[in-house]
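Working notes, beginning with the structure itself.
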């Protein structure tokens, strides 16, 4: 899968989840603490968010991060790989957040 294809899938899925929850772009942008312009660019496949932003978007919509990357043609084997990557990703993000919290005592 090419980077541009991944950006397109991510953007399409974010928009679909947002619309299912009946969020406007302004609603989701506020919940994820990003600008409407940035969200719009993500949904159009022009920008790729950093890990923290992906987590914020997923949390705001009540989905797992890996769900943002699913495509219609994803096989069971690919879903299993995505699940494993998602678990690793979540662990690394949580460790990074814990480190930041400890360092800054947030």
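Considering only region 1-23, state which residues are without any contact (Cβ under 8 Å) to a residue 24 or more places away in the chain and more than 17 Å from residue 63 (Cα to Cα). Residues satisfying the conditions are 1, 2, 5.
The helices (runs of 4 or more DSSP H) found wholly in region 1-78 and carrying at least 1 residues that are buried (at least 17 other Cβ atoms within 10 Å of the Cβ) and modelled with pLDDT under 95 occupy 3-20, 51-61. In region 79-99, the residues that are assigned to a helix (DSSP H, G or I) reach residues that are modelled with pLDDT under 75 and surrounded by 12 or more Cβ atoms within 10 Å (Cβ to Cβ) with C-beta atoms within less than 8 angstrom, at least six apart or across chains, in these pairs: 82/74.
Is region 92-106 home to any residue that is at pLDDT below 95, under 24 Å from residue 2 (Cβ atoms) and within 13 Å of the chain's Cα centre (by Cα)? The answer is no; no qualifying residue exists.
The values are calculated or read from the model by the stated rules, or taken from the named source; none is laboratory data. All values derive from a computational prediction rather than experimental measurement. FYI the Cβ positions are ideal-geometry reconstructions off the backbone, even for glycines, and counts take in every protein chain you see.
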